[in-house]
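Chemist: Before anything else, here's the structure in question.
The values are calculated or read from the model by the stated rules, or taken from the named source; none is laboratory data. In this text the structure is predicted, and so the values were computed from the model without any measurement. Here the Cβ is made from the backbone with ideal geometry for all residues, glycine too, and neighbour counts use every protein chain on show.
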């Protein structure tokens with residue numbers, strides 16, 4: 001069946017009468033569908049973040065954070081970077097971007113807290129990058145390859 005005018009779906013050009021059970025191809029059988037609102041729909045988890053960029057910590061990561069802070073005497077900000085880096089690499093071991101981001105945050109923290117100039121900051125950035133790359137390359141066998 002071919003339509004002469006797409007805007008007039010009720011008049012087929014073949015001269016055939018439209019039966020009561022016939023539904024044009026571009027029409028749905030149920031015209032009472034609920035229109036979706038703009039943006040993410042209810043229950044949508046597309047915006048959920050995990051790993052290094054998430055805003056929350058799991059209960060195990062929170063315990064580890066406070067353990068590092070209290071037992072080792074590490075600043076909470078540095079402990080947070082450490083916990084986030086570890087959890088991110090456990091989730092996605094091949095993610096080198098996380099290592100670079102952790103390096104950037106460590107250098108930024110030390111620069112702000114110890115007033116480093118640009119030469120010291122660049123040197124620290126190189127040292128931290130090298131250290132994290134070495135640690136990344138020599139991580140335990142359980143963390144190598146894709147786990148999840």
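Chemist: Using the structure shown, decide if residue 89 is in a helix (DSSP H, G or I), buried (at least 17 other Cβ atoms within 10 Å of the Cβ) and touching a residue at least 40 places away in the same chain (Cβ under 8 Å). Write out each step before concluding.
Modeler: Numbers: in a helix (DSSP H, G or I): yes; buried (at least 17 other Cβ atoms within 10 Å of the Cβ): yes; touching a residue at least 40 places away in the same chain (Cβ under 8 Å): yes.
Yes, satisfied.
Residues checked against (1) part of a helix (DSSP H, G or I); (2) closer than 30 Å to residue 107 by Cα; (3) at pLDDT 80 or above:
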site	(1), (2), (3)
26	no, no, no
32	no, no, no
40	no, no, no
52	yes, yes, no
56	no, yes, no
65	yes, yes, yes
68	yes, yes, yes
81	yes, yes, yes
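Chemist: Here is a follow-up. Looking only at residues in the range 128-148 that are exposed (fewer than 12 other Cβ atoms within 10 Å of the Cβ) and assigned to a helix (DSSP H, G or I), which one is modelled with the lowest pLDDT? Steps first, please.
Modeler: Step one: of the range 128-148, the residues exposed (fewer than 12 other Cβ atoms within 10 Å of the Cβ) are 130, 134, 137-138, 140-142, 145-148.
If we keep only those that are assigned to a helix (DSSP H, G or I) too, we end up with 130, 134, 137, 141-142.
On the way: 130: 87, 134: 84, 137: 77, 141: 57, 142: 52.
Once the filter is applied, the top-ranked residue is 142.
Chemist: Sticking with this one: Surrounded by 14 or more Cβ atoms within 10 Å (Cβ to Cβ) and more than 19 Å from residue 128 (Cα to Cα): which single residue out of 79, 61 fits that description? Step through it out loud before you land on a result.
Modeler: Numbers: 79 fails: more than 19 Å from residue 128 (Cα to Cα).
From the options 79, 61, the qualifying one is 61.
Chemist: Next question. Output the residues belonging to the range 104-127 that are surrounded by 13 or more Cβ atoms within 10 Å (Cβ to Cβ) and part of a loop (DSSP other than H, G, I, E, B).
Modeler: Within the range 104-127, 116 is the sole residue that qualifies.
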